[in-house]
Every structure is written in C-alpha cells, then in structure tokens.
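The values are calculated or read from the model by the stated rules, or taken from the named source; none is laboratory data. These numbers come from a predicted model, not from an experiment. Please note: Cβ atoms are built from the backbone with ideal geometry, for glycine as well, and neighbour counts cover all protein chains shown. For the accessible areas, the whole protein counts, side chains as well, though only heavy atoms, and no ligand, DNA or RNA atoms are used. Shrake-Rupley method; radii C 1.70, N 1.55, O 1.52, S 1.80 Å.
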Amino acid sequence: MCITPKLTQMAHLFPALKYAFDALEPHIDAFTMETHYYKHHQTTVDNLNKALAGTDGEILSLQELLANVSKYPAARNSAGSHYNHSQYWEILSPDGGGEPTGALAEAIDSCFGSFDAMKEKMNAAGLARFGSGWAWLIVKDGKLDVCSTPNQDNPLMDIAEVKGTPILGIDVWEHAYYIKYQNRRPDYLQAIWNVINWDVVAGKFEAAVQ
Ligand code: MN
C-alpha cells in the first residue's frame, strides 16, 4: 500500500518585526507602526489565507502567486499587501539612513546620475501616485529603475504596468504617515530616508542582478 501525502498547505505567515514600534521615531511614530503592523498587515495575511483556502493557489509560494495573480483575483490585494508590507518592515531600520556603498552605490550613480537624483525620482513617484499605492526602486533588465503601483499591486505581479524585481518599496498609503504627517506626504517621503536599511537593500540588489 502506498500512502500519498496530501499537498502541504502553505499558509502564509505574518512575519516578526525586528525592532520596537517606537524604534523609528521621530521619522515614523510608534502608534503608526503598531497600527500598520497589526491592523493593516496582519489582517491582510489572514485575508490571504482565507482567499486561497481550497484553491490551487494554496500551494504556491508568495512569489509564484504574485507572478500568476491574474488567475487569483480574490487574492490580489492581500497577496500584494503581504509582500509589500513584509519588505517594508525589512528595508526600515533604526540604524538606517545615510547612503549605500559598493555595487549598489555604483549602480545608482550610473542609472540616475547620483544618490540624490535617485531619491528625488523615488519621492516624485510617491507624490505622483494619486490615492493609495507604493513607490519602488526595482531591478529591470539588470538596471535600476523607479516606478509606482496603485493600491497593493507591485512590480512582481503579472498584471503590473512596469515589471521588475523590487529592492526598495515605500508605502504611500495615508495609513503609513497620516497620524504624524497628516496630508504632508512630501515630509514623510523626506523623513523615511533616515531609516532606510541600505544593507538589506544592497542584499536584494545583489540577489536581483545575479
Ligand atoms: Mn501599508
């Protein structure tokens, strides 16, 4: 007799935050972080698992799901939100800020002219996104580029207007900044560069250009 194991259900897991809610003060306030993490992100992980339950999407990794999200419209917002927020917590750090070095710094200079020019392009993408969405620094065809997506979409989705591998994604939904900055999205976009973890971004860059 042969016992065939059932396909393992790959429930998507809510990731741990590696720093305290107040660790990014004064740039991002503790209440915003706590609400964002528990109320927004955790809810979408629960919704993602519910949306996939009993479908063939249940066995896909998050990356596979995003690459085929047009086939799973019920999971589009929650899958995007799970990926987007997981990388957002990761690319932020109380020890962040400054500028990258090494291969990433060279690629930024070669693709944008300078670090400040890249920052301006990212901030402009975040400001130009009407309503809710994300600004992205991506690797596309081996080069860096900047784009933005609406709602919880991202450049890994098969439906994305601009596709690429994200190495840095900034949340420009009001829930990411409104408590501290109210309508001043430009101030939030200026401040967030003080807490970007360039070691993590450089790691994502190196993996994407391999
Ligand atoms: Mn968010």
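Of the set (1) part of a strand (DSSP E or B); (2) within 16 Å of the ligand (Cβ to nearest atom); (3) surrounded by fewer than 18 Cβ atoms within 10 Å (Cβ to Cβ), all apply to residue 175 but (1).
In region 28-55, of all residues being part of a helix (DSSP H, G or I) and small (Gly, Ala, Ser), the one that is farthest from the ligand (Cβ to nearest atom) corresponds to 51. Taking the criterion of being open to solvent by 80 Å² or more (accessible area, probe 1.4 Å) and either within 16 Å of the ligand (Cβ to nearest atom) or touching an Asp or Glu at 6+ places or on another chain (Cβ under 9 Å) (or both), the residues of region 67-82 that qualify are 71, 76, 77.
Among the residues in region 93-107, are any within 16 Å of the ligand (Cβ to nearest atom), at pLDDT 95 or above and more than 20 Å from residue 139 (Cα to Cα)? No - not one qualifying residue is present in region 93-107.
Out of region 70-93, which residues are polar (S, T, N, Q) and part of a helix (DSSP H, G or I)?
70, 77, 78, 81, 84, 86, 87
Before we move on, is residue 195 touching a His at 6+ places or on another chain (Cβ under 6 Å) and either open to solvent by less than 20 Å² (accessible area, probe 1.4 Å) or not charged (D, E, K, R) (or both)?
Answer is yes for this residue.
Scanning region 115-156 for residues being open to solvent by 20 Å² or more (accessible area, probe 1.4 Å), in a loop (DSSP other than H, G, I, E, B) and of a type in the set (D, E, K, R) gives a total of 2.
In the set 53, 117, 124, which member is of a type in the set (Gly, Ala, Ser) and under 27 Å from residue 210 (Cβ atoms)?
Details: 53 fails: under 27 Å from residue 210 (Cβ atoms); 124 fails: under 27 Å from residue 210 (Cβ atoms).
Selected residue: 117, the only one of 53, 117, 124 that is of a type in the set (Gly, Ala, Ser) and under 27 Å from residue 210 (Cβ atoms).
The sole residue among 25, 64 that is outside any loop (DSSP other than H, G, I, E, B) and either open to solvent by less than 30 Å² (accessible area, probe 1.4 Å) or at pLDDT 95 or above (or both) is 64.
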